[in-house]
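Below: one structure, written as structure tokens.
The values are calculated or read from the model by the stated rules, or taken from the named source; none is laboratory data. Every value quoted in this text rests on a predicted model; they were computed, and no experiment measured them. Cβ coordinates were reconstructed from backbone atoms using ideal geometry, including for glycine residues, and neighbour counts include every protein chain displayed. Protein only, heavy atoms only, side chains kept; ligands, DNA and RNA dropped before computing areas. Shrake-Rupley method; radii C 1.70, N 1.55, O 1.52, S 1.80 Å.
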Amino acid sequence: METFKALFIASLKSQTEYRFNFIMDIILSGLAIFSDFMITLVILSNFKDMAGWNLGEIALIYSIIEGGWGIFRLFGEGLHRFQELTLSGRFDVMLIRPVSTVKQVMLQKFQFRRLGVIGQAVGVGIIGALYADMASPGFFVVYCILIVLSAMLIFSVNLILSAIAFWTIRNEDILVLASYSMRTAAYYPLNIYADFVKIVLTFIVPMATAAYYPMSYLSGKTDSIFALIAPILSLIVFMPLSFWLWKQGEKHYSSTGS
Amino acid sequence: MSDYIEVKKLCKTYTVYKRKKLRREKRLIEAVKDVNFNVKRGEFLGYIGPNGAGKSTTIKMLTGILTPTSGEASVAGYCPWKHRKAYVRNLGAIFGQKTQLWWDLPVKDSYAVLKAMYKVPDGKFRNQLNYLVERLEITEFYSQPVRQLSLGQRMRAELAASLIHDPEILFLDEPTIGLDVVSKHGVLKFLRELNENGKTIFLTTHDLNDIETLCKEILIINHGKLIYKGTLSDLKKMAGLPRLLKIRLKEDSFRLNEEQKNILDDYSGYYNEENREITLKLFDSQNPAELAKILFQKFHIEDFKIQEPGIEEVVKDIYRN
Amino acid sequence: MKAFRAGLAISKNSFSRNRIYLLNHIINSVGSFIFGYIAVSIWRALLGDSPETSAMVTYVMVNQAGVWITMFLPYGAFLFQKVNDGTIAFDVLRPCGLIYMTFFEMLGHVFYNFVFRYIPIFCLGFLILGVELPALNHLLPYILSLFFGFVICYFLNYFVGLWALKFLNITGGQAIYYTLMNFFNGCMIPAEYYPGILKQIMPLTPFAGTSYIPTYVYLGKIPFLSAFAIQGFWILILGCLACVLTAKVQKTLQIQGG
Ligand SMILES: Nc1ncnc2c1ncn2[C@@H]1O[C@H](COP(=O)(O)OP(=O)(O)OP(=O)(O)O)[C@@H](O)[C@H]1O
Ligand SMILES: [Mg+2]
């Protein structure tokens, strides 16, 4: 925790040194991600709904995924760029410090400009909730919890994908494949996809459990309580799995060298 | 009592795959083969060997980064790769090319983060930092982001980073890369001071002069095998290289006569006519005064000097065999 | 021809550097295909089973394949990476201009992308999603238009690179690029679905010149001459701008690293 605080403060100081640039970066990187949603917005301006989901509900799905993603990228930039460490062999240095390597990799960098991403996600979420007529204090509490769970789920998926780099040294492409494309797939209601894709998004790269399932409960499309707690269920499986895999990777790394 | 560092039968074999036309081919590289040595507490050990000899591999194993294929080691009572977490608290290390600082952060903030990682108490941290910043002359780039530092500045910043938690043992893999003469002198002096204050230091470098000024004990490794272990002066004696005796002749008598040529042959010398310089080899069994007397009788000498064999010569000789 | 000899050597080099990572690129072609699949699923959900759907599937998949030629070039045409690791110093030393060097570097890169990403993604689209082949007399104009699209995209990326040289930070430039491209290149939606005045403006932007226009040439939905006119116009404008800005930025170039 001490380490976390020290790095947090140091990162914040160094990134806010040029305040103008910092604020521009936050706004512009938020805008860049928001442009993904703008496309959806333009499309839905021509149609009433998408497979039974109206614009407000889709906005909420998007917002939960994107909010979680933003939080993950704020704290997990190092994990996201893990291959830089294995490629350059700088991961070696982490093995000679008395702090767990997952923490150290996470602590490579805090990327404060992701605040822009989180900001636009929450903005879209609030407007979506109003539009879908779901806004209530109770809903927003659940909404916040869902964003946090989504961040944790994205973290564990990324930890698994990063651990691959222990064997392959490079993992950027797997990361793009599984993390970006699955994230984008999870922006939209799951029922537009073929069954095979539904299974992948539910059980293998379980991004749909972060937003789609709880939203179908909250928007009254299903009454199954399992839909609401889907993110918790998949966390119970994936969190331990990801740490276990990381441990194995670390062992492998220190027996082969970089 | 057992020694501070004990290494027994340490071996490391890397497996690499080479892509061939049809299938890939497995190849084993024996980077370290059956290495044994002991180091006492407080020693300053020089670890040398040609490129690819296995030095970095050894250091990686001794710092717990790499698990050996077989063999044992203990440092300060810990097995580095088995008790990594506990062991590293007391360990400082530098890997020549790899930075341990945070690329985007100013130097001073990197130290603050390290302080938190190693849980260094405030007071101790302040003292240690003041000491390091002053001794390594870090002040001028103390607030600059690491990515902007010059190679030499970064090296000094790294050195300080590896000492923030005041470790008992230091592993330095080529710490003087990129330093200019003055900074290098400063760093060497600083390392010696650390050693005198009781730190055990394990140093590899390609600069043999560094080794000569710092280390009493040295290890030489080649092709993964330890080929020498002992003090530097013993090494020189063992190598038995001759001292070189150089004389320059006066201008009026630069042509050699028969008698002079014979003397040259006796001492397996050679004559460089262009700058009128004769070089003779002087082995330990031979008496320099005797030879000098003969030379002054037979030659018109303008200049006269005896050269001790440098460590460079000694090591070159060993690497070749 | 002589003037291009050095350029072709640069291109070839950049092509073969990529070859090493073929496996990685196969993986991210699959990722890219998934992005296409997402777009296709969305349109299928919206349009149901109509002839319009089939044209739209072709439209989004052809765009998706083309994205590797006309959108996702290396950040800032590699300039940012070079500024960061200091190798820009070597480029500035070379006897040919920066524009020339980076253009041919990108050309080699894009040619590689054409062979190892465009074609596989296209084939997957053809085999799995029912993408329609182009009419034979559209093929040549399409390829030409795609090439023009690449030139436009190259210049835009080059501007991002110059931004990075100037500000030693690529975030802002890249975010602006991504936002504008994402919103205006028509990758997911053709012009007629844009609201109001944007319907008319969108096809005239340089961004549309990278995806929307080539693919409309492919589908034969736009007169070839007006397509080339729009693209040619932008290549001219952007080319001049690139020359002016290069001269300006080169004066203030800073080189990092040690
Ligand atoms: N991760 C690795 N995988 C495969 N082979 C390796 C690996 N690391 C080192 N080697 C090989 O092991 C041998 C010893 O390498 P090592 O880095 O220990 O040499 P070194 O003595 O430090 O050399 P230098 O003076 O050049 O730094 C070399 O042949 C090298 O190619
Ligand atoms: Mg080495």
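Taking the criterion of being away from ligand 1 (no atom under 16 Å from the Cβ), polar (S, T, N, Q) and either away from chain C (no Cβ under 14 Å) or in a strand (DSSP E or B) (or both), would at least one residue in segment B:173-186 satisfy it? The answer is no; no qualifying residue exists. The set of residues in segment A:142-184 being of a type in the set (S, T, Y) and modelled with pLDDT of 90 or more consists of A:Y143, A:S150, A:S156, A:S162, A:T184. Being surrounded by fewer than 22 Cβ atoms within 10 Å (Cβ to Cβ), out of contact with any His (no Cβ under 6 Å at 6 or more places or on another chain), more than 14 Å from A:T184 (Cα to Cα) and within 14 Å of chain B (Cβ to nearest Cβ) is a property that does not hold for A:S45. Selection of segment B:67-124 for residues being more than 10 Å from every other protein chain (Cβ to nearest Cβ) and hydroxyl-bearing (S, T, Y) yields B:S70, B:S74, B:Y78. Taking the conditions (1) within 14 Å of chain B (Cβ to nearest Cβ); (2) in contact (Cβ under 8 Å) with a residue 12 or more places away in the chain; (3) open to solvent by 20 Å² or more (accessible area, probe 1.4 Å); (4) closer than 25 Å to C:N169 by Cβ in turn, A:E84 satisfies each one other than (2). Only one entry in B:G54, B:G71, B:G96 is more than 12 Å from ligand 1 (Cβ to nearest atom), touching a residue at least 12 places away in the same chain (Cβ under 8 Å) and either surrounded by fewer than 23 Cβ atoms within 10 Å (Cβ to Cβ) or within 19 Å of B:P175 (Cα to Cα) (or both), namely B:G71. Assessment of segment B:157-178 against the conditions (of a type in the set (V, I, T) and in contact with a strand residue (DSSP E or B) (Cβ under 7 Å, 6 or more places away or on another chain)) yields at least one matching residue. B:S285 satisfies every condition listed in (1) touching a residue at least 40 places away in the same chain (Cβ under 8 Å); (2) assigned to a loop (DSSP other than H, G, I, E, B); (3) over 28 Å from the mean Cα position of the chain (by Cα) except (1). Which residues, taken from segment A:165-199, are over 30 Å from A:L87 (Cα atoms) and either buried (at least 17 other Cβ atoms within 10 Å of the Cβ) or touching a residue at least 60 places away in the same chain (Cβ under 8 Å) (or both)? A:A186, A:Y187, A:Y188, A:P189, A:L190, A:N191, A:I192, A:Y193, A:V197 - these are the residues of segment A:165-199 that are over 30 Å from A:L87 (Cα atoms) and either buried (at least 17 other Cβ atoms within 10 Å of the Cβ) or touching a residue at least 60 places away in the same chain (Cβ under 8 Å) (or both).
Residue by residue, here is whether (1) part of a helix (DSSP H, G or I); (2) modelled with pLDDT under 95; (3) in contact with a Lys or Arg (Cβ under 6 Å, 6 or more places away or on another chain) holds:
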{"site": "C:Y118", "(1), (2), (3)": "yes, yes, no"}
{"site": "C:L133", "(1), (2), (3)": "no, yes, no"}
{"site": "C:Y142", "(1), (2), (3)": "yes, no, no"}
{"site": "C:F148", "(1), (2), (3)": "yes, no, no"}
{"site": "C:Y154", "(1), (2), (3)": "yes, no, no"}
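Across segment A:87-96, the number of residues qualifying as charged (D, E, K, R), open to solvent by 10 Å² or more (accessible area, probe 1.4 Å) and farther than 18 Å from B:L105 by Cα comes to 0.
Per the listing B:L244, B:L226, B:L203, the residue uniquely assigned to a strand (DSSP E or B), touching a Pro at 6+ places or on another chain (Cβ under 9 Å) and under 18 Å from B:G54 (Cβ atoms) is B:L203.
Selection of segment B:125-165 for residues being charged (D, E, K, R) and more than 14 Å from chain A (Cβ to nearest Cβ) yields B:R126, B:E134, B:R135, B:E137, B:E140, B:R156. Contact annotation: residue pairs with Cβ atoms under 7 Å, 6 or more positions apart or on different chains, pairing a residue in segment C:200-211 that is open to solvent by 10 Å² or more (accessible area, probe 1.4 Å) with a partner that is modelled with pLDDT under 95 and part of a loop (DSSP other than H, G, I, E, B), are C:F207/C:N185. Of everything in segment B:11-38 that's within 16 Å of ligand 2 (Cβ to nearest atom) and either aromatic (F, W, Y) or away from chain A (no Cβ under 14 Å) (or both), which residue is farthest from B:A76 (Cα to Cα)? Filtering first and then ranking leaves B:Y14. Number of residues in segment A:135-164 that are closer than 28 Å to A:G52 by Cβ and surrounded by fewer than 20 Cβ atoms within 10 Å (Cβ to Cβ): the value is 11. Just checking, how many residues over segment A:230-258 are surrounded by fewer than 17 Cβ atoms within 10 Å (Cβ to Cβ) and among the aliphatic types (A, V, I, L, M)? Selection size over segment A:230-258: 6.
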